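Below is one structure, written out as structure tokens; comments come after it.
The values are calculated or read from the model by the stated rules, or taken from the named source; none is laboratory data. Values in this document were obtained by computation on a predicted structure and should not be read as measured data. Every residue, glycine among them, receives a Cβ derived from its backbone with ideal geometry; neighbour counts consider all protein chains shown.
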Amino acid sequence: MTQPVTLLGIESSCDDTAAAVVHGVPGNMEILSSVVFGQTDLHASFGGVVPEIAARAHSERLDGTIQGALDAANLDLSEIDAIAVTCGPGLIGGVVSGVMMAKGLSAATGKPLYGINHLAGHALTPRLSDGVPFPYLMLLVSGGHCQFLIAHGPDRFERLGGTIDDAPGEAFDKVARLIGLGQPGGPAIEVAAKTGQATRFGFPRPLRDKPGCDLSFSGLKTAVLRTRDALVSDQGGLHRQDQADLAASFQMAVAESLAGKTVRALERYLSLSPAAPTFCVAGGVAANMTIRAMLETVSNATGTAFLAPPLALCTDNAAMIAAAGIEQMPYRARDDMTLSARPRMPLDTQSSAMLGSGKKGAKA
Ligand code: KG4
Ligand code: ZN
């Protein structure tokens, strides 16, 4: 039996500066504190995250955030067993800020340092929230991520497929902008869609007939743009009902695309005959009730339990990074001062590179 440990987690890969303290053993952990400083206000007027602004904000806020997490856990740095920090993938300036801070703390205190893949943090969240046993199937759907993974172990993930272009949250945000709704686009579209007709516009379900679990959302976004332009040129503008129908039809296309590929991912996963079949979703898009309900339906149809951890653990946070550290510590070596920050960092190093994903590879 592994001894319980207490880890400090640090996360700064996108637009959330976060620190947390987590205590426990693999599969049985308690969050002692979790502090997340969002930067939405800083980027709002630019229509997206500005990497330079994000990096500066991380470097200014990291020490206060870490102190805040230690204070909330009522612990001193000397009482921490190790430091876990996101070392990629992400916006490089932010990742560097976190890694440098973690190295400094490690050098000053002599505490072991563990570089954590941000995606492993998301993928291991069901272990933190519910102690879900391996192997489980995972769908990460957020503004930056879209992939199906089988989590075989704390550092063994099999990527079954994912988006070859935009992430679904990115598509929600862009489509909201196209049809005159506010940001973040996901919640705005979900609200507008409530009064809309999802069958009014027959938007495409990209890659539906392609075998495997890959998805694509950029063509869907273009289809919405064309439909909007046609409506505007016919009518001179969009009525509120048009906006609602566009939102509902787009949301349905995303939900059906995700559900269709989930059926395939479940087939592959269930062929492993897992003892306690579980399908978990994480990421901001998992907050969408239409999407969530459709995923739950296809999961339950195969007798697979469906799990969506609390939203605060699904979106970016440092508790998942500390938890990933606790999960991985027994299986890997600690890092040292050569730990580097990486903008791209695949979770599954065994799968071959995806076709059609551009020179730099698929988005996380
Ligand atoms: O996981 P998250 O907070 O941040 C990262 O992308 O890492 O996800 C944010 C994304 C945004 O694109 C937002 O529009 C989308 O999740 N989102 C939603 C909903 N709530 C947030 N998309 C669809 N429906 C929602 N209710
Ligand atoms: Zn993330």
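The criterion of at least 3 residues that are free of Cβ contacts under 8 Å to residues at least 40 places away in the same chain, farther than 21 Å from E256 by Cα and in contact with a Phe, Trp or Tyr (Cβ under 7 Å, 6 or more places away or on another chain) is met by none of the strands (runs of 3 or more DSSP E) falling completely within region 75-185. Screening region 247-338 for helices (runs of 4 or more DSSP H) wholly inside it with 1 or more residues that are among the polar types (S, T, N, Q) and within 22 Å of the chain's Cα centre (by Cα) returns the ranges 289-301, 319-328. Being away from ligand 1 (no atom under 16 Å from the Cβ), surrounded by fewer than 24 Cβ atoms within 10 Å (Cβ to Cβ), within 20 Å of P135 (Cα to Cα) and not charged (D, E, K, R), is that true of even one residue in region 307-322? Within region 307-322, one or more residues are away from ligand 1 (no atom under 16 Å from the Cβ), surrounded by fewer than 24 Cβ atoms within 10 Å (Cβ to Cβ), within 20 Å of P135 (Cα to Cα) and not charged (D, E, K, R).
Filter region 1-50 down to the residues that are among the acidic types (D, E), away from ligand 2 (no atom under 16 Å from the Cβ) and within 25 Å of I92 (Cα to Cα) and list them by number. If you could, list the steps in order and put the result at the bottom.
Residues of region 1-50 that are among the acidic types (D, E), as a first pass: 11, 15-16, 30, 41.
Checking which are away from ligand 2 (no atom under 16 Å from the Cβ) leaves us with 30, 41.
The answer is D41, and nothing else.
Among the criteria (1) at pLDDT 95 or above; (2) farther than 15 Å from N317 by Cβ, the one G88 does not fulfil is (1). Would you confirm whether or not region 57-65 contains a residue that is polar (S, T, N, Q), at negative phi and not in a helix (DSSP H, G or I)? Scanning region 57-65, I find no residue that is polar (S, T, N, Q), at negative phi and not in a helix (DSSP H, G or I), so the answer is no. Go through (1) in contact with a helix residue (DSSP H, G or I) (Cβ under 9 Å, 6 or more places away or on another chain); (2) more than 19 Å from L139 (Cα to Cα); (3) at pLDDT 95 or above one by one and return the number of the condition T338 breaks. Here T338 meets the rest and fails (1).
Just checking, which of L225, L270 is touching a helix residue (DSSP H, G or I) at 6+ places or on another chain (Cβ under 6 Å), modelled with pLDDT of 95 or more and more than 16 Å from ligand 1 (Cβ to nearest atom)?
L225
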